[in-house]
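Nothing in this text is a laboratory measurement; each read-out follows from the coordinates by a stated rule. Treat the numbers as computed from the prediction; the structure is a model and nothing was measured. As a convention, Cβ positions derive from the backbone with ideal geometry for all residues, glycine included, and neighbour counts pool all protein chains shown.
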Amino acid sequence: MNNVTTGRPARLLASAVAALLLGVVGAPSAYASHDAQDCPAAEIFATDNTAIITDPDDPRLNARLTRFGHEVRQIIRAHGARPGDSELLNGVFWSEELKQATYERSREFDVERVGRDGLHHIAGVIAKQYHQEAVLTFRCLPRTSPETDAVEIEVPGVRVGSLREALVADPEARDRLGGGSVTLDGRLVLVAPVDDLPLAHRFATALGADWDRAEVRYGDREFVTGHA
């Protein structure tokens with residue numbers, strides 16, 4: 001994502017951060033994809049929020065996270081990588097414990113000039129400094145790479161309210177996907193295991209997203225804890 005769940009694996013995408021799980025294998029050739037050189041070397045999904053927010057009108061969900069963004073860029077730079085673009089995300093995640101949707105404001109950070117170990121270390125520093133249970137990372141790789149185990153899906157035409165309603169109404173999606181995030185201009189963002197692509201396709205289409213304009217990037221994802 002050249003502009004974009006984040007901490008707490010219990011909510012999963014990214015600060016979820018939500019992980020997407022399904023046992024159906026789809027044909028990757030059926031989906032538009034990007035080679036590694038067409039996306040940033042890596043992405044970090046993170047937040048400085050530690051509260052569980054259940055009210056969609058909570059004013060904390062309007063935070064710009066400007067200071068947090070500057071601080072994370074400094075962390076990235078201090079550990080030898082190059083920070084790129086960053087984008088605000090509105091996350092909606094299903095809490096099995098609370099039996100309801102929870103909400104989170106987070107940021108996606110593009111990271112260049114970084115490898116697997118360096119990315120893991122940077123994410124661990126962020127998780128520890130901001131008291132997050134986990135921070136989600138995604139490394140963009142060729143689809144055929146032996147390290148590729150996940151996809152990042154970005155598809156336009158989704159509202160945060162629609163995402164919440166869809167999670168509440170779809171037990172399979174909320175159990176397996178956990179949730180997702182929406183950019184300020186209405187793009188759904190999901191990070192999922194490769195085998196879950198058919199479920200993500202179905203879920204996004206049911207939300208009214210324009211799948212013909214979907215971008216699917218292949219790579220490696222990791223939930224990094226502050227104890228790493």
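Per-structure values
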| read-out | value |
| --- | --- |
| Global form of the stretch 72-176, assessed from the alpha-carbon gyration tensor, a/c cut-off 1.5 | prolate |
| Sparsely packed GluC sites (Glu not before Pro) within the stretch 81-144, loop by DSSP, other Cβ within 10 Å at most 14 | GLU96, GLU97 |
| P(r), alpha carbons of the stretch 49-97 - 5 Å bins starting at zero, rounded % | 4, 15, 23, 18, 15, 13, 8, 3 |
| Rounded, prolate or oblate (a/c below 1.5 giving rounded, otherwise prolate when a/b exceeds b/c) for the stretch 28-224 by Cα gyration tensor | oblate |
| Rounded Å value of the spacing that divides the Cα centres of the stretch 63-123 and the stretch 182-204 | 18 Å |
| Listed residue (ALA127, VAL155, THR54) projecting farthest to the positive dipole end of the stretch 28-224, Cβ model | ALA127 |
| Phi-based couplings in Hz for the stretch 82-93 (Karplus 6.51, -1.76, 1.60; Gly and Pro marked x) | 10, x, x, 5, 9, 9, 6, 10, 10, x, 10, 10 |
| The stretch 28-224, relative contact order [Cα under 8 Å, separation at least 6], % | 29 percent |
| Qualifying GluC sites (Glu not before Pro) for the stretch 143-186 [loop in DSSP, other Cβ within 10 Å: at most 12] | GLU147 |
